[in-house]
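Just so it is clear, none of the values below were taken in a lab; they were calculated from the coordinates. Not measured: the values here are computed from a predicted model. Virtual Cβ from ideal backbone geometry, glycine too; neighbours counted across all protein chains shown.
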Amino acid sequence: MPDYKASGWLGRRRRMVLAFGGLALLGLFAVGSWAFTTWALEETGGEKFCDSCHSMDDQKQAYLRAPHGGNNQVGFQAQCVDCHLPHDSPTHYLLSKAKFGLGDVYAEFFGNPDKVNWAEKRAHGEKYVFDSGCLRCHVRLLEATRRIPAVFKMHQMHFDAVAAGKDVHCVGCHVDVGHAAEPKNPG
């Protein structure tokens, strides 16, 4: 008696069901991975997460005093990753997020985060604040500043210098952007 289960149309049907089932599981895994990654990136991008595991309370307070931290008339609040990660490519963004995140974890557990010289770090802000983040939100910067001649002139000079290949950065002029300086009259 012939074995119809091992060959013939029943065998083909079983292989098709297994193939489609495998593809469906692969698709579900891909969608689930994408959803988890999106969720994880969102959850680890703001001040609540950044301040939760390392000693950055002074930086958090300075951020909350600044317009980018929500102290503005329109209710806008940038997330830490909007400024502190590059937005020129997804690969650069993810690699930088991993590099800076691992560096922060290492400093928290094996360094002395209370002795970080924030003033020195601010002096080298171009290493920690990326123009691609600034220009992601301020995409129409030149057009928006045309009505204020002095401001327009400075931004035009910046864009001309960038076009000429000079190493200039937004934080070269906007030193306190994102983290307001200490209040003049605290209390």
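Given H placed 1.01 Å from N in the peptide plane, which residues other than close sequence neighbours of Gly178 have an amide H under 5 Å from its amide H?
His68
For the cross-link pairs Lys99/Lys153; Lys60/Lys166; Lys48/Lys166; Lys48/Lys121; Lys60/Lys121; Lys97/Lys121, which exceed 25 Å when the distance is taken from alpha carbon to alpha carbon?
Correct reply: Lys99/Lys153; Lys60/Lys166; Lys48/Lys166.
Multiply the residue separation of His138 and Asp176 by 0.36 nm, subtract the distance between their alpha-carbon atoms, and state the gained length in nm to one decimal.
Here the segment from His138 to Asp176 would lengthen by 12.0 nm.
As I understand it, the value is the acute angle between the Cα axis of helix 90-110 and the longest principal axis of the Cα atoms of the chain; what does it come to in degrees, rounded to 10?
70
Peptides 82-88, 122-128: what's the order by average Cβ count within 10 Å, highest mean first?
82-88, 122-128
Could you work out [θ]222 nm for the chain from helices alone, using -39500 (n - 2.57) per DSSP H run of at least four and dividing by all its residues? Round to the nearest 500 deg cm²/dmol.
Result for the chain: -18000 deg cm²/dmol, rounded to the nearest 500.
Can you run phi through the Karplus equation (6.51, -1.76, 1.60; θ = phi - 60°) for the range 161-166 and list ³J(HN,Hα) in whole Hz, with x for Gly and Pro?
Running phi through 6.51 cos²θ - 1.76 cosθ + 1.60 with θ = phi - 60° gives 5, 4, 4, 7, x, 7 Hz.
What is the distance in Å between the Cα centres of the range 85-114 and the range 124-185?
23
Please label the shape of the range 35-140 as rounded, prolate or oblate, based on the square roots a ≥ b ≥ c of the eigenvalues of the alpha-carbon gyration tensor (a/c under 1.5 means rounded; beyond that, a/b larger than b/c means prolate, else oblate).
rounded
Quote to one decimal, in nm, the extra length available between Glu126 and Asp160 on full extension: 0.36 nm per residue of separation minus the C-alpha distance between them.
Gain on extension, Glu126 to Asp160, equals 10.4 nm.
Report the FRET efficiency, 1/(1 + (r/R0)^6), for Leu28 and Asp51, where r is their Cβ-Cβ distance and R0 is 45 Å, rounded to 0.05.
0.80
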